[in-house]
Amino acid sequence: MRKVAIPLLLLALALALAQRYFTEEELKRIQEGGKAYAEVFLNQRPDQALCSLHRNRLPAELLPKFMEEQRALIRYPADGKLMGDWRKGGAIFNNLQKANCFSCHYGSPVHLGGDVGPSLEKYSLKRGQSEAIQRYTYEVIYNSWAYFPCTVMYRFGALGGLTPEEIADVVAYLLDPGSDFNTKPAVGSQ
C-alpha cells in the first residue's frame, strides 16, 4: 500500500504545482495523455514550464527577468579561455551522440546540415574572432535561452549536455580560421 501511495502523492503534488501554469482544459488534456506523459509534462523545470505556458512566445514584460535568469546559469571554463581545441570541437559538433549540431545547422564539412537553425557556414569568416564574438558564441551554445528565449536549440551547458571546456572546443571549431569548418566546403555547398 505504501509503495503505491508515494507515487500517487507525487503525481498529486505535480498536478497541484502545474495548476499555477495551466488552465483546467489544458490540465484535463495532459491527464488524458496517460500517467507517463503527464509526469514528464507536469514535472518541467520552471523556465520550461513558463515557455510551455506561453507557447514559446513569452510576453514582453517577462523577457528581461527571464533572460537575466538564463544568463545567470552560464558558467565558463576554469581556465577562462572561450576557445579550446578546434579538433575536439569538430568531433563534438559532428557527433550524433554528442552535440549533433549539424542536424540543425548547415555548414559542416563532414555531414549535410539541417535548416532548423541558421546556417553556420564559414562562421568565423563572416563574423571574425573578436572577444565579443567568442563570448556570444560560447554563451549561445551554453544557454541559448539567454539570447533567444524558448528557442528549440538545446541548452548544452545549462542542461549538462556539454562541459564548459567542450563548449570552448566547439567555439574554436566555429571560430578558428584554420579549422576544417572554415577551410573546407560545407557538404552540399555549390
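The values are calculated or read from the model by the stated rules, or taken from the named source; none is laboratory data. Since the structure is predicted, the reported quantities are computational estimates derived from the model, not experimental observations. Positions of Cβ are generated from backbone atoms using ideal geometry, with glycine treated the same way; all protein chains shown enter the neighbour counts. Just so you know, the surface numbers come from the protein's heavy atoms only, side chains and all, with ligands and any DNA or RNA stripped out. Shrake-Rupley method; radii C 1.70, N 1.55, O 1.52, S 1.80 Å.
Heavy-atom accessible area for Lys98, with the other protein chains in place and a 1.4 Å probe, reaches approximately 90 Å².
Here Lys35 and Glu165 are evaluated by their C-beta separation; at R0 = 35 Å the FRET efficiency comes out at 0.35. Accessible area of Thr183 (1.4 Å probe, protein heavy atoms only, ligands and nucleic acids ignored): about 80 Å².
Computed over protein heavy atoms with a 1.4 angstrom probe, the accessible surface ordering of Asp79, Asp47, Asp176, Asp115, largest first, is Asp115, Asp79, Asp176, Asp47. Taking every alpha-carbon pair under 8 Å whose residues sit at least 6 apart, the chain reaches a relative contact order of 25 percent. Helices assigned as whole DSSP H runs in the chain whose Cα atoms extend at least 18 Å along their own long axis and whose mean Kyte-Doolittle hydropathy is 0.0 or higher are found at 2-18. Of Tyr173, Tyr136, the residue with the largest accessible area leads and the full order is Tyr136, Tyr173 (1.4 Å probe). Once all protein chains are placed together, Val140 keeps about 20 Å² accessible to a 1.4 angstrom probe.
Charged neighbours of Leu159, selected by a Cβ distance under 11 Å, balance to +1 (K, R count +1; D, E count -1). Residue pairs exceeding 20 angstrom between C-alpha atoms, taken from Lys122/Lys184; Lys28/Lys65; Lys81/Lys122; Lys81/Lys184: Lys28/Lys65; Lys81/Lys122; Lys81/Lys184.
Rounded to the nearest 20 debye, the dipole magnitude of the chain is 300 debye, with +1 charges on Lys and Arg beta carbons, -1 on Asp and Glu beta carbons, and the Cα centre as origin. Positive end of the charge dipole of segment 112-190 (Lys, Arg +1 and Asp, Glu -1 on Cβ, about the Cα centre): tell me which of Thr137, Phe181, Leu125 has its Cα farthest that way. The residue sitting farthest along the positive end of the dipole is Leu125.
Would you mind telling me the share, in percent, of accessible area of the chain contributed by carbon and sulfur at probe 1.4 angstrom?
Reported share for carbon and sulfur atoms: 58 percent.
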